[in-house]
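So the structure is just underneath, and the comments pick up after that.
The values are calculated or read from the model by the stated rules, or taken from the named source; none is laboratory data. These figures come from a predicted structure and were not determined experimentally. Because the Cβ atoms are built from the backbone with ideal geometry, glycine has one as well, and the counts that use them run over all protein chains shown. For accessibility, only protein heavy atoms count, side chains too; no ligands or nucleic acids. Shrake-Rupley method; radii C 1.70, N 1.55, O 1.52, S 1.80 Å.
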Amino acid sequence: MIRSERLRRGASSLMYAVCVTFALSIIIILAFITAYLVSIGFSSLTTEFFTEIPTGDINNPGGMKHAILGTLTLLGMASVVGIPLGVLVGVYLSEYAADRWLPGPVRFIADVLAGVPSIVVGILGYELIVVPMGRFSGYAGAFALAFIMIPIVARTTEEMLRLVPHSYREASMGLGATKSQTILRVILPSATGSIVTGVMLAMARIAGETAPLLFTALGSRLMPDDAGQPFPSLTVQIYTYAVGPYEAQRKLAWAGMLVLIAILFLLNLLIRFLTSRSIRRA
């Protein structure tokens, strides 16, 4: 009996040590990558990086103001389409799916779309939007990003709404509210924090996408003033500079990577903040 207890404790201690070792390894790798990125990219983070657009001079390439604003604009445009559609699909799957044949296929398709490689989305966007329009555009890029965003928001919304206690629905219906009133005034407000967290996760996902934008928005060295024309983005600008032969542009690409990581880091911090608030309220 004593020997068996010692073996169990030994196995438990061993597995704990293995878990701690791998966790520390991940942290060390992440810290190394971050330090390496900062050491190379931080030196190129000047005022001109945030205030100027590309000059065309290979020795003095200018900045990435246009690309930063373009990425933020694309995120906003994609969210205008992706968030309402994703939330509505999630509400349907959670609240209107009883005894119907459609929800099962919708869930399956949403799960498949959430795992589709982004380059496939880019090619589809090119064939379905760019070719009929006859040109690359910011609209095409935004729709490609929204296409990636919708299944993530939909499945997250469904799961979060399912966590709302069924007694809330029964109490609201018992007081004479309709189903739509119950959803709008009881169910959605109860899950708002969790839904917002899912939305922010989807935004963090699309903020780092490059392949869909290469096939749809293409990129531009101009300010993002016309979404009907080729549109700048930070990821595409980084790619263009990183694969180029000019050292000054490659250094600027490292600075762009650092800024992109900072944007994703801030989005994840916001996710953590919203998550902690929703947990405390629960």
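Within the bounds of the stretch 105-124, is there any residue that is over 25 Å from the mean Cα position of the chain (by Cα) and closer than 22 Å to T192 by Cα? Scanning the stretch 105-124 turns up no residue that is over 25 Å from the mean Cα position of the chain (by Cα) and closer than 22 Å to T192 by Cα.
The rows are residues; the columns are (1) free of Cβ contacts under 8 Å to residues at least 12 places away in the same chain; (2) part of a loop (DSSP other than H, G, I, E, B); (3) surrounded by 24 or more Cβ atoms within 10 Å (Cβ to Cβ).
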{"residue": "P105", "(1), (2), (3)": "yes, no, no"}
{"residue": "L113", "(1), (2), (3)": "no, no, no"}
{"residue": "V120", "(1), (2), (3)": "yes, no, no"}
{"residue": "I123", "(1), (2), (3)": "no, no, no"}
{"residue": "Y126", "(1), (2), (3)": "no, no, no"}
{"residue": "G141", "(1), (2), (3)": "no, no, yes"}
{"residue": "L145", "(1), (2), (3)": "no, no, yes"}
{"residue": "A154", "(1), (2), (3)": "no, no, yes"}
{"residue": "E158", "(1), (2), (3)": "no, no, yes"}
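With the requirement that a residue be open to solvent by less than 50 Å² (accessible area, probe 1.4 Å) and part of a loop (DSSP other than H, G, I, E, B), what does the stretch 164-208 give you? Passing the criteria: V164, A177, A191, G208. Looking across the stretch 75-96, just one residue is closer than 13 Å to R155 by Cβ, open to solvent by less than 50 Å² (accessible area, probe 1.4 Å) and either hydroxyl-bearing (S, T, Y) or not in a helix (DSSP H, G or I) (or both), and that is S94. Go through the stretch 212-256 and give me each residue that's touching a helix residue (DSSP H, G or I) at 6+ places or on another chain (Cβ under 8 Å), surrounded by fewer than 19 Cβ atoms within 10 Å (Cβ to Cβ) and closer than 19 Å to R135 by Cα. Matches in the stretch 212-256: R221, L222, M223, D226, A227, G228, Q229. What about F136, is it among the aromatic types (F, W, Y) and open to solvent by 70 Å² or more (accessible area, probe 1.4 Å)? Answer is no for this residue. Going by what's in this entry, would S12 be described as hydroxyl-bearing (S, T, Y) and without any contact (Cβ under 8 Å) to a residue 24 or more places away in the chain? So S12 fits the description; yes. Among the residues of the stretch 245-282 satisfying the criterion of being among the hydroxyl-bearing types (S, T, Y) and more than 29 Å from M64 (Cα to Cα), which is modelled with the lowest pLDDT? Only one residue fits best here, namely S278.
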